[in-house]
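Asker: There's a structure below that I have some questions on.
The values are calculated or read from the model by the stated rules, or taken from the named source; none is laboratory data. Source: prediction; values computed, not measured. Methodologically, a virtual Cβ is constructed for each residue, glycine included, from the backbone with ideal geometry; neighbour enumeration extends over all protein chains shown.
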Amino acid sequence: MERNVLENALRESVQESINELGWANLAEIGTALRKKGVKYGKLSTFIASFPHIIETRVDNSLSPPVVYAKLKQQYQASA
């Protein structure tokens with residue numbers, strides 16, 4: 001897949017997976033990407049290859065720790 005197609009699929013997957021705080025669990029993003037036919041290898045590496053549109057955080061209060069991602073402000077869909 002071309003990079004712009006992957007970027008669009010990633011943006012859509014994050015938007016589909018966000019919670020009430022605006023963050024999406026990486027596992028849910030991965031599921032959404034697979035449904036779109038995106039083959040990404042290791043998800044965290046795939047996400048890290050789009051630092052211009054995605055920011056991440058780790059919730060270490062959970063066991064195992066959970067990684068969340070959200071679109072950077074300029075890439076968020078307008079309401």
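Asker: I need a count of the residues in region 54-79 that are polar (S, T, N, Q), modelled with pLDDT of 90 or more and part of a loop (DSSP other than H, G, I, E, B).
Answerer: Step one: of region 54-79, the residues polar (S, T, N, Q) are 56, 60-61, 63, 73-74, 76, 78.
When the remaining residues are screened for being modelled with pLDDT of 90 or more, the result is 56, 60-61, 63.
Filter once more, keeping what is part of a loop (DSSP other than H, G, I, E, B): 60-61, 63.
The total comes to 3.
Asker: If you check 30, 41, 22, which single one turns out to be small (Gly, Ala, Ser) and crowded, with 16+ Cβ neighbours inside 10 Å? Outline the logic, then answer.
Answerer: On the way: 41 fails: crowded, with 16+ Cβ neighbours inside 10 Å; 22 fails: crowded, with 16+ Cβ neighbours inside 10 Å.
Being small (Gly, Ala, Ser) and crowded, with 16+ Cβ neighbours inside 10 Å holds for just one of 30, 41, 22, which is 30.
Asker: Working only within region 50-79, note down all residues that are exposed (fewer than 13 other Cβ atoms within 10 Å of the Cβ) and within 18 Å of residue 12 (Cβ to Cβ). Walk me through how you get there before you give the answer.
Answerer: Step one: filter region 50-79 for residues exposed (fewer than 13 other Cβ atoms within 10 Å of the Cβ), giving 51-52, 57-65, 72-74, 77-79.
Scanning region 50-79 gives 52, 72, 73, 74, 77, 78, 79.
Asker: Looking at the structure I just gave you, is residue 62 of a type in the set (A, V, I, L, M, F, W, C), farther than 20 Å from residue 76 by Cβ and without any contact (Cβ under 8 Å) to a residue 24 or more places away in the chain? Write out each step before concluding.
Answerer: Numbers: of a type in the set (A, V, I, L, M, F, W, C): yes; farther than 20 Å from residue 76 by Cβ: yes; without any contact (Cβ under 8 Å) to a residue 24 or more places away in the chain: yes.
Yes, satisfied.
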